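Reading through the structure tokens given below for one structure.
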Amino acid sequence: MIARLLLVPVAIAAFLAPSLQQPFPHEIGTPGVEVQHLGKAHLPKSEKDAIVALVFKDVAAKECIFPGRTLQQEIDLISTARAALHTGAPEQLLVQASDACHCGMTGNCTFWVLERRGKEFHVLLKAQMVHLFSIEASRSNGYRDILTSSHGSATLAGLVLYKFDGKKYRAADCASVQYELKDDGNPTGPPKMTRTKCGSG
């Protein structure tokens, strides 16, 4: 059950163009890219190896396995996507972990934006507590803005709008999202969105 919950944000994603620009805050849309599990992604072995090294850089991979999985299954379930965030730069890679060290019980996981520079990948963004993400139509310093949401409960979520500052992505705007539910569990209407102060970074 836990494993299935953690895969929901990325396993069902399909290729869709970025949504039309909307003022912040707004509900998160589709990812805007095709997201695949690393085990099935058509990436060179060198890129797959780099992604695995990045995800497990500061932790012991064998200690991050969810019950019922093997280490290889854990690696195969890392989510990846190619993205053209800047027309004048190489394609970027979006990566979202799925293991016990980088994910919480509510399905929020660590998320990275990587850009190839020579033979290495440079980290443009590392964000924790990411449930869903979408590539926005707006740009900052040539790079598309990125919106992430965190899952707090059935009625509460958080939004963070990341903008590129010339060197990396930083949290530029944040908001809380509060839903009211009917007895059947469906929302009564659009959620209430309130701007909040972003944390450091």
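Can you tell me which residue among Gly199, Gly104, Gly158, Gly152 is more than 17 Å from Val33 (Cβ to Cβ), at pLDDT 95 or above and small (Gly, Ala, Ser)? Even if it seems obvious, please write down each step before you answer.
Numbers: Gly199 fails: at pLDDT 95 or above; Gly104 fails: at pLDDT 95 or above; Gly152 fails: at pLDDT 95 or above.
Sole residue among the options that is more than 17 Å from Val33 (Cβ to Cβ), at pLDDT 95 or above and small (Gly, Ala, Ser): Gly158.
Scanning the range 148-191 for residues that are among the charged types (D, E, K, R) and in a strand (DSSP E or B) yields Lys163, Arg170, Asp173. Residues in the range 111-126 that are touching a residue at least 40 places away in the same chain (Cβ under 8 Å), surrounded by 15 or more Cβ atoms within 10 Å (Cβ to Cβ) and over 21 Å from His42 (Cβ atoms): Leu124, Leu125.
Considering each of Ala157, Ala100 in turn, give the residue that is among the small types (Gly, Ala, Ser) and surrounded by 21 or more Cβ atoms within 10 Å (Cβ to Cβ).
Ala157
Within the range 57-71, the set of residues being closer than 14 Å to Ala100 by Cα and either out of contact with any Asp or Glu (no Cβ under 8 Å at 6 or more places or on another chain) or among the charged types (D, E, K, R) (or both) comprises Asp58, Val59, Ala60, Lys62, Glu63, Pro67, Gly68, Arg69, Thr70, Leu71. If the condition is being within 25 Å of Cys174 (Cβ to Cβ) and among the small types (Gly, Ala, Ser), then the range 21-78 contributes Gly29, Gly32.
For the range 40-58, residues that are part of a loop (DSSP other than H, G, I, E, B), surrounded by 14 or more Cβ atoms within 10 Å (Cβ to Cβ) and out of contact with any Ser or Thr (no Cβ under 9 Å at 6 or more places or on another chain) total 1. Number of residues in the range 83-136 that are among the acidic types (Asp, Glu) and either closer than 16 Å to Thr148 by Cα or in contact with a strand residue (DSSP E or B) (Cβ under 6 Å, 6 or more places away or on another chain) (or both) equals 3. Within the range 171-201, track down each residue that is more than 12 Å from Thr155 (Cβ to Cβ), small (Gly, Ala, Ser) and surrounded by 11 or more Cβ atoms within 10 Å (Cβ to Cβ). Passing the criteria: Ala171, Ala172, Ala175, Gly201.
The values are calculated or read from the model by the stated rules, or taken from the named source; none is laboratory data. The structure displayed is predicted, hence computed values, not measured ones. Here Cβ is always computed from backbone atoms with ideal geometry, including for glycine, and neighbour counts include all displayed protein chains.
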